[in-house]
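These notes are about the structure you will find just below.
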Amino acid sequence: MEPFVWPEPPRQVAFPIARPGYGLIGAAAFVALVLALIGWAWPAVVALATTLAIAGFFRDPDRVIPQAAHGVVSPADGKVVAAGPMDHSPVYGGPCVRVSVFMSVFNVHVNRAPIAGRVTRVDYHPGKFIAANLDKSSDVNERNAVTLESADGERIVVVQIAGLIARRIICGLSVGHEVGRGQRYGMICFGSRLDVFLPPGARLDCQVGDRVQAGTSILGYLK
């Protein structure tokens, strides 16, 4: 049986929430409370439902990570919308293998590192906010690219891409950081997409249409 490990100590709470959601959830709950106190029943119900929806969006469950040798785990929950080799990618700087995962507003939006390694580059690009399930969003949307290098010298690039509704990319990494496979490193608020660029010799273990989970689903294997 394949071993699994916790990339970070599991939190002792029943419903883990990502830190960026605290302010929004608190504000929505406060509005619901005020509306209830002044007797506006239906607006209070709507505000309460909104609070619960925001809390659901910012949920951040703990995950156990497979320890398969050379495995690359998904950085995001969602649906695989592209998977295959590319003759040339300006993001990767040459031939590579790309996997794209689209996250709807119903998915967990916390992002996790696909491999264990050291951050060698972080490149932010301002851009548009077209629908993230469109292939051209990889080139024209606002995005943040993180380059990771493994202990074996393998290089991958993971790109957070804003979507039609998403307006906030959060990344907690900078050059020199060491991350573990499956470790949390950021999120994108309200619908988005992540592209993973692997070396040309990588072997994929996913295909278009697959549903994947951040940290637990293996997208492929490095050499």
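No value in this document is a laboratory result; all are computed from the given coordinates. It should be emphasised that the depicted structure is a prediction, and the values quoted were computed from it without experimental measurement. Neighbour counts are summed over all protein chains in view; Cβ atoms, including those assigned to glycine, are modelled from backbone coordinates with ideal geometry.
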Between Asp123 and Val5, what FRET efficiency follows from the Cβ-Cβ distance if R0 is 30 Å, with the result rounded to 0.05?
0.50
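Quick check: residue separation of Ser174 and Ile38 times 0.36 nm, minus the Cα distance between them. What number comes out in nm?
On the way: separation 136, 0.36 × 136 = 48.96 nm, distance 4.72 nm.
So the extension gain works out to 44.2 nm.
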Please state, rounded to one decimal and in Å, the Kirkwood hydrodynamic radius that the chain gives when every pair of distinct Cα atoms enters the mean of 1/r.
18.1
Sorted by packing (mean other beta-carbon atoms within 10 Å per residue), highest first, where do 111-120, 21-30 land?
111-120, 21-30
Working out 0.36 nm times the residue gap between Ala14 and Ala151, then minus their Cα-Cα distance, what length gain in nm do you get to one decimal?
45.8 nm
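With only alpha-carbon atoms in the gyration tensor, what are the semi-axes of the equivalent ellipsoid for the range 1-120, in Å, largest first?
39, 19, 12
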Between Ala69 and Phe30, what's the calculated FRET efficiency when r is the beta-carbon distance and R0 is 35 Å? Round to 0.05.
0.10
In whole Hz, the Karplus estimates of ³J(HN,Hα) for the range 102-117 (6.51, -1.76, 1.60; θ = phi - 60°; x where Gly or Pro) are 9, 9, 7, 5, 8, 7, 5, 10, 6, 9, 10, 5, x, 9, 7, x
Stretched out fully, how many nm does the piece from Val45 to Tyr221 gain, at 0.36 nm a residue minus the Cα gap?
58.5 nm
Non-local residues with an amide H under 5 Å from the amide H of Met86, with H modelled 1.01 Å from N and Pro and chain starts lacking one, are Cys96, Val97, Arg98
Sequence-separation-based contact order of the range 74-126, relative, with Cα cut under 8 Å and 6+ spacing, percent:
39
I need to check one value: relative contact order of the chain, counting alpha carbon pairs closer than 8 Å and at least 6 residues apart, in percent.
25
Expected vector for the range 10-19, Karplus 3J(HN,Hα) from phi with 6.51, -1.76, 1.60 and θ = phi - 60°, integer Hz, x for Gly and Pro, equals x, 7, 8, 9, 6, 9, x, 10, 5, 3
Residue-wise HN-Hα coupling along the range 208-223, computed from phi with Karplus coefficients 6.51, -1.76, 1.60 (Hz; x: Gly, Pro)
4, x, 5, 9, 10, 10, 4, x, 9, 8, 8, 7, x, 9, 6, 4
